[in-house]
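Working notes, beginning with the structure itself.
The values are calculated or read from the model by the stated rules, or taken from the named source; none is laboratory data. In this text the structure is predicted, and so the values were computed from the model without any measurement. Every residue, glycine as well, gets a Cβ built from its backbone with ideal geometry; the counts of neighbours run over all protein chains shown.
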Amino acid sequence: MFVTPTLTVNLSAIVANWKMLANTFAGDETAAVVKADAYGLGMVPVSQALAKAGCHTFFVATLEEALDLRKALPNVRILVFHGVQAGEEFAFATHKIIPVLNSREQLARWKPIAKDHVHAVSALHIDTAMGRLGLQPEDFDTLDASWLTDCRVSLIMSHLACAPDRHHPLNALQLAALTKASAKAAGIPVSFANSGGIFLSRDFHFNLARPGCSLYGIAPEDNAVNPMHQVAHWQAPILQIRATTHEQSVGYGATCIVPKGTKVATVASGYADGYHRILTNKSCAYLGAHKMPLLGRVTMDMVCFDATQVPESELKDGALVSLLGNREGITVDALADHASTIGYEIFTRIGTRVKRVYVEEAV
C-alpha cells in the first residue's frame with residue numbers, strides 16, 4: 001500500500017453545515033453551490049450526501065460541471081452560473097439543466113429553446129453592483145415582460161458583493177436595486193443570499209439561498225466567530241527525520257537558520273500539491289497534538305517542520321502530519337490568512353496527488 005498525502009472530507013460535517021444554514025435562512029429553500037468540484041472537495045460525493053439530506057437545488061459554474069452532476073443525480077435541480085453559451089442550448093434542454101441567463105444575447109439564445117421544450121426553464125441574473133455577469137438594472141427595466149414568459153424564467157437572482165461585512169453600505173444599495181427590479185417580475189421567486197447573506201437581516205433572504213463557502217467550513221462573516229464545522233483534514237507522511245549536528249540552514253535560499261539539535265521533519269507535500277509557497281516560514285503543522293513550526297521555503301514536493309518538541313516515540317518515517325484541519329493555525333481560514341488569500345483558494349488549489357477520502361463522522 002502506498003503512503004500518500006490524503007484529504008479526508010467529512011461529509012457529515014458538510015451536511016451539518018447545510019442544515020444549520022437552512023435553519024438560519026428565513027426563505028423557502030436552501031440550495032448548495034458545488035462549482036469547482038465542490039471547492040476542490042469532490043462535487044459528486046458532496047452533492048450526493050447533500051441530496052440524501054434533502055437538498056434539491058445545486059449551482060455549478062459550467063455546463064460541463066452540470067453534465068457530470070446530472071449523471072450522478074438525475075432528479076435534482078441544477079443551475080449553471082455562466083449561462084448558456086452558443087452551441088450549448090440543446091444540451092441544457094436534453095439534460096434538464098437550468099441556465100442562469102446573464103445578457104440579452106443569452107435571453108435570445110434561450111427563447112426558441114424554451115418555446116420548444118416545456119421543461120426548459122431558466123433563471124435571470126440582474127447585476128446590482130458586482131460588476132461581473134448579469135443584466136444591468138436599467139437594462140432589465142427596458143426588457144419587455146414577455147421575455148420572462150417566453151424564456152420561462154423561474155428565478156430572479158443577483159449576487160451580493162460584500163455580504164461577509166454586514167455593515168458595508170453596498171449591501172443596502174444592492175438590496176434596494178434588487179427589490180425594485182424583482183417587483184417588475186411579480187410571482188417569480190428571488191435568490192440573493194449567499195453564505196454571508198444568510199447572516200444578514202431577513203430583508204436579504206427572499207426565497208432561495210445558495211451558500212457555497214460556508215458549506216465547507218469557511219467563515220461566512222468577517223470579524224465574527226465562525227459557526228461552521230471544519231470539514232477537511234489534509235495529512236501527509238514524514239519522509240525523513242534528522243537532528244542537526246550544528247547550526248545550519250534549512251531549504252532553498254537559506255531563509256531559515258536552526259540551532260544544533262533541531263529535529264527536522266521533511267513531509268511529502270509542497271506547492272505542486274497546493275500547499276502555497278507563500279507559507280514559507282509562516283505556517284505550522286501538527287503531529288498528533290504537537291504543533292510544529294514550518295522551517296524554510298515550501299518546495300514543489302516537500303516541506304520541513306521543526307519537530308524538536310515532539311516525543312521520540314511519535315517520530316518515525318511515514319507518520320502522518322496534519323497540514324490542514326481542525327486545529328489552531330491550520331483551519332482553512334487560518335491557513336488562508338498565513339497565505340494572504342482566502343479559504344476558497346486553499347481548498348481549490350489542493351492538487352490531485354492528494355488523495356480524497358470520504359467519511360461520515362458525527363460532529
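Brief remarks follow.
- Scanning the stretch 294-301 for residues that are outside the structural domain of Thr255 (by TED's automatic domain parsing), under 14 Å from Ala236 (Cβ atoms) and either within 18 Å of the chain's Cα centre (by Cα) or assigned to a loop (DSSP other than H, G, I, E, B) (or both) turns up nothing.
- Top-ranked residue in the stretch 89-140 [being among the acidic types (Asp, Glu) and within 28 Å of the chain's Cα centre (by Cα); ranked as nearest to Ala66 (Cα to Cα)]: Glu89
- The listed residues are Cys151, Cys162, and the only one of them that is over 30 Å from Gln48 (Cβ atoms), modelled with pLDDT of 95 or more and touching a His at 6+ places or on another chain (Cβ under 8 Å) turns out to be Cys162.
- Qualifying residue in the stretch 240-255 (condition: in contact with a Pro (Cβ under 9 Å, 6 or more places away or on another chain), touching a residue at least 60 places away in the same chain (Cβ under 8 Å) and either among the aliphatic types (A, V, I, L, M) or surrounded by 21 or more Cβ atoms within 10 Å (Cβ to Cβ) (or both)): no
- Pairs where the first residue, in the stretch 342-363, is on the phi < 0 side of the Ramachandran plot and the second is part of a loop (DSSP other than H, G, I, E, B) and surrounded by fewer than 16 Cβ atoms within 10 Å (Cβ to Cβ), C-beta under 6 Å, 6+ apart: Lys355/Thr4
- No other residue among Gly329, Gly325, Gly296, Gly288 is touching a Cys at 6+ places or on another chain (Cβ under 7 Å), closer than 30 Å to Leu215 by Cβ and either of a type outside the set (D, E, K, R) or crowded, with 17+ Cβ neighbours inside 10 Å (or both) apart from Gly329.
- From the list Asp306, Asp317, the lone residue that is within 24 Å of Ala243 (Cβ to Cβ) and crowded, with 18+ Cβ neighbours inside 10 Å is Asp306.
- Residues that are part of a loop (DSSP other than H, G, I, E, B), within 16 Å of Met130 (Cβ to Cβ) and not hydroxyl-bearing (Ser, Thr, Tyr), drawn from the stretch 192-223: Phe192, Ala193, Asn194, Gly196, Leu200, Arg210, Gly212
- Hey, Ser154 in the same structural domain as Phe204 (by TED's automatic domain parsing) and in contact with an Asp or Glu (Cβ under 9 Å, 6 or more places away or on another chain) or not: no
- Residue count for the stretch 334-363 under the criterion of being closer than 14 Å to Lys282 by Cα and either in a helix (DSSP H, G or I) or of a type in the set (A, V, I, L, M, F, W, C) (or both): the result is 6.
- Those residues of the stretch 224-235 which are touching a helix residue (DSSP H, G or I) at 6+ places or on another chain (Cβ under 8 Å) and assigned to a strand (DSSP E or B), in sequence order: Ala232
- Across the stretch 248-267, the number of residues qualifying as over 13 Å from Arg297 (Cβ atoms) and either aromatic (Phe, Trp, Tyr) or within 33 Å of the chain's Cα centre (by Cα) (or both) comes to 2.
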